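Taking it in order: structure first as structure tokens, then the write-up.
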Amino acid sequence: MPHSWFEEKHREFMRDLLRDYCLSVQTLERLFQEFDRTGAMTFEELKDLLGEEMNKGLLWRLKDTAHHLFREGGGSSLVGQFLDWCIGYIFHESMKLKEDAYQQQNYAPWFRSMQELELPEPDLIISRELFQLLMQTAESMQREIRRIRFLFSECRKLFPLFMADQRENHWLARFLFRRNDLVREVFGQAYRELVRGIYGENPEAMYVMASRSLREGGWMVPATEAAETACRISPDSEPARREKEIVETWRARLRA
């Protein structure tokens, strides 16, 4: 990958990393909760999330983005290397989970039906032995889910540290503003740490940056919402007040 191209796209990669991570966690957690309730998981959804070499899914693209940032991009941050390793581990555990879900969904019913048939004794014995092995798939899935959830918790610690230099990243600010519900859902109680890690003690800075980016892109309604949120969070913030005034001036010109 040409270095200049990477530098040009670096901020977008950072946005993509957090966005695809949040979307992947949201999907995986929904599938895990399904497994917690029913003891089963939908193979097709895991297959779509992962994809394959020639048609990569969301989680596969996330892994590739992490590799671009931390390997091909020449990143030397130990925190970044930890995050890259965690994301790669999540991907590989999810691949194992997909194979287990396939076995459980497609072969468990077949083996169960055999137990009700009048099979010759040798066939019945073999079918029972193989069925017992297949039943261990559920235990494997439980272990894989535990490992992935542990890695989620580690990623929640790592992202605020890794994103500490992204305060001026307007791509990231726009994502955090426009998909705020998603980010809060994924990070839970660690959401504040994420925002603090990026914007320090000035959380309104995220909304100011998002408003500026949206305004320059011509999206005045969400820009107004972002600017107003910045002022509501920190009424004494001069950058927030100034951004709100600029947005109001732009909107007045558009109406004129």
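Please specify each residue of the range 181-194 satisfying the condition of being free of Cβ contacts under 8 Å to residues at least 24 places away in the same chain and open to solvent by less than 20 Å² (accessible area, probe 1.4 Å). Steps first, answer last, please.
Here is the first cut: in the range 181-194, the ones free of Cβ contacts under 8 Å to residues at least 24 places away in the same chain are 181, 184, 189, 191-192.
If the condition is that a residue be free of Cβ contacts under 8 Å to residues at least 24 places away in the same chain and open to solvent by less than 20 Å² (accessible area, probe 1.4 Å), then TYR191 is the only one that fits.
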Could you please give the count of residues in the range 44-57 that are open to solvent by 30 Å² or more (accessible area, probe 1.4 Å) and either touching a residue at least 60 places away in the same chain (Cβ under 8 Å) or more than 23 Å from THR137 (Cα to Cα) (or both)? 4
When you look at VAL247, is it β-branched (Val, Ile, Thr), surrounded by 21 or more Cβ atoms within 10 Å (Cβ to Cβ) and either touching a Cys at 6+ places or on another chain (Cβ under 6 Å) or in a helix (DSSP H, G or I) (or both), yes or no? yes
Test for HIS170: is it open to solvent by 50 Å² or more (accessible area, probe 1.4 Å), in contact with a helix residue (DSSP H, G or I) (Cβ under 6 Å, 6 or more places away or on another chain) and at pLDDT 95 or above: yes
Answer with yes or no whether ASP181 is under 21 Å from the mean Cα position of the chain (by Cα), acidic (Asp, Glu) and more than 27 Å from SER77 (Cβ to Cβ). yes
Evaluation of ARG178 against (1) at pLDDT below 95; (2) open to solvent by 80 Å² or more (accessible area, probe 1.4 Å) (one fails), failing number: (1)
Name the residue that is surrounded by the most Cβ atoms within 10 Å (Cβ to Cβ), counting only residues in the range 196-228 that are of a type in the set (S, T, N, Q) and free of Cβ contacts under 8 Å to residues at least 40 places away in the same chain. SER211
Leading residue by the ranking (surrounded by the fewest Cβ atoms within 10 Å (Cβ to Cβ)) among those in the range 25-43 that are touching an Asp or Glu at 6+ places or on another chain (Cβ under 8 Å) and modelled with pLDDT of 95 or more: GLN26
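The values are calculated or read from the model by the stated rules, or taken from the named source; none is laboratory data. Remember, predicted model here, so these are calculated numbers, not experimental data. Don't worry about glycine lacking a Cβ; one is built from the backbone with ideal geometry, like all the others, and counts go over all protein chains shown. Note: accessible area is taken over every heavy atom of the protein model, side chains too, but ligands, DNA and RNA are not part of it. Shrake-Rupley method; radii C 1.70, N 1.55, O 1.52, S 1.80 Å.
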